1. Could you point to the label whose value was computed as mean projected area of the Cα convex hull in nm² for the structure here, given [x] 16.4; [y] 10.5; [z] 11.2?
2. Contact order normalised by length for the chain, with contacts defined as Cα pairs under 8 Å and 6 or more residues apart; what percent is it?
3. Exceeding 29 Å between C-alpha atoms, which entries from my cross-link table qualify? They are Lys3/Lys79; Lys3/Lys143; Lys3/Lys85.
4. Just tell me which aspartates and glutamates come within less than 13 Å, Cα to Cα, of Lys207; anything on the same chain fewer than 8 places away is out.
5. Compute the long axis of helix 65-81 from its Cα atoms, compare it with the longest principal axis of the Cα atoms of the chain, and write down the angle in degrees, 0 to 90, nearest 10.
6. Who wins for biggest fluctuation among Ala179, Ala72, Ala132 in a Gaussian network model of the chain, springs between alpha carbons below 10 Å?
7. Of Ala24, Pro34, Val45, which is farthest towards the positive pole of the chain's charge dipole, taken about the Cα centre with +1 and -1 on the beta-carbons of Lys, Arg and Asp, Glu respectively?
8. Tell me, what ³J(HN,Hα) does each residue in segment 182-196 have, in order and in whole Hz, if you take phi through Karplus 6.51 cos²θ - 1.76 cosθ + 1.60 with θ = phi - 60° and put x for Gly and Pro?
Amino acid sequence: MPKLIIFDLDGTLLNTLEDLADAANHVLAAHQFPTHPVDAYCYFVGNGMPKLIERILPEEYRQGPVYDTCFAEFLAYYKEHMHDKTTVYPGITELLEQLQQQGVMLAVATNKVHEAVAPLMANLFPTVRWDALFGQRPGVPVKPDPAVVADILTATGCGVEDALYLGDSAVDMETAHRAGVRAVGVLWGYRPRTELANAGAEFIIGKPEELLEIL
C-alpha cells in the first residue's frame, strides 16, 4: 500500500469537459470565432489552460492581444461556471474515502489554474481531507514537468518509492515517470488505452475500485 496517491484532476477525479468546453466556446462565440464540439476538447485539454486557449483559437490569433483578452475572458467565465456541469466520476468518492480510512495520503496535481482547485474539491468532495492540492502556479512549469509532483512530495514528506500517480493521459504518465513515481492510467477519462499504454503506464484500470486490487 503506498503512503501517498497523487491524482490528476480533469478526466481522473472529475468530468469537467462540458464546463471547460462551454467556457471556451462562450469566448469564441463572443469574438465571432468558430466554436468546437465538446468531444474535441478531449484533446484540447491536458496541458494547462493557456495551452487550451491557444489550441482553440484560429491560428493567427494564438498569441498577442487577442489571445490575452480571450484567455482572461475564459478564466473569468470558467470561475463563475465551473460547477455547472462538472461531476465526480462514479466510484471515485468511495475510493477516496476508503483510501483515507486506510491512512493513505491524498493529493492532486493538475494543470488547471491553482485558484480553481480548492473550490472544486471543497464542493465535490466534502468528506475527503486532501494532504496537498496543487494546480498551475506562476513560475512553476506545467505537467509533464515533474515539478508539481516534487512539490507534493515535499509538502507531504513522502518519498518517491512510497508514491503512486493516477491519470488519464500521456501527459500524466510522463509526469509520473519523470518524477520517479509509479504510474497508473485510468480509462474513464478523456484519452484511450493505447495512449496510456504507449506512454508507459505500469497499470491501466477501467474502474476506480480496481485500484485497490493492484495496491
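1. This structure yields the entry labelled [z].
2. Values: 361 pairs, mean separation 54.1, N = 215.
This gives 25 percent for the chain.
3. Values: Lys3/Lys79 33 Å; Lys3/Lys143 22 Å; Lys3/Lys85 32 Å.
Violating the 29 Å Cα-Cα cut-off are Lys3/Lys79; Lys3/Lys85.
4. Glu94, Asp168
5. 60 degrees
6. In the Gaussian network model the winner is Ala72.
7. Positive-end residue among those listed: Val45.
8. Each residue of segment 182-196 in turn: 5, 10, 10, x, 10, 9, 8, x, 9, 10, x, 4, 4, 5, 5 Hz.
Since every read-out is calculated from the coordinates, none of them should be taken as a lab result. Being a predicted model, the structure only gives us computed values, none of them experimental. With ideal geometry, Cβ positions are generated from the backbone for all residues, glycine too; neighbour counts draw on all protein chains shown.
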